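Below is one structure; the comments refer to it alone.
Derivation of every value follows stated rules applied to the coordinates shown; laboratory data play no part. These numbers come from a predicted model, not from an experiment. A quick note on method: Cβ atoms are made from the backbone with ideal geometry, for glycine too, and the neighbour counts reach across all protein chains shown.
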Amino acid sequence: MRRLFDSGVLERLALIALGRAAGFSLGEIALMFAPDGRPRIDRQMLTAKAEELDKTIRKLEAMRDGLRHAAACRAPSHMECPTFRRILRPAAYGATGARGNRAPP
């Protein structure tokens, strides 16, 4: 048995899937639809999510670079490597619960 859907339903499902992939909550996605079910996308919300993704990407790139350095570092111990210690410092500072503040120099 095969189900047939109106193209509008398929577009709404695609928008929901795209929103979830971009990290929007279901509540945020619900705001992207008018009461009649048609898309009503807030451009400011999209811009804010894009900026949030940019921040996440920068953090992930820094973690990736740190992991690559740690994997290739020739120091006898990672704790003897100045680069690794520099990478470690902000993570240790964040673990103390002082999020949002910059790590001490």
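Between A34 and L4, the FRET efficiency from the beta-carbon distance, with R0 = 35 Å, is close to 0.90. The angle separating the long axis of helix 7-21 from the principal Cα axis of greatest extent in the chain is about 10 degrees. Rounded to the nearest 20 debye, the dipole magnitude of the chain is 340 debye, with +1 charges on Lys and Arg beta carbons, -1 on Asp and Glu beta carbons, and the Cα centre as origin.
Would you mind giving the three semi-axes, in whole Å and largest first, of the ellipsoid equivalent to the chain according to its Cα gyration tensor?
Calculated on Cα positions only, the semi-axes equal 44, 18, 10 Å.
Projecting each Cα onto the charge dipole of the stretch 29-91 (Lys/Arg +1, Asp/Glu -1 at the beta carbon, about the Cα centre), which of A30, M45, A75 comes out farthest on the positive side? The Cα lying farthest towards the positive end belongs to A75. Taking each residue as 0.36 nm, the span from T83 to M63 lengthens on full extension beyond its C-alpha to C-alpha distance by 5.9 nm.
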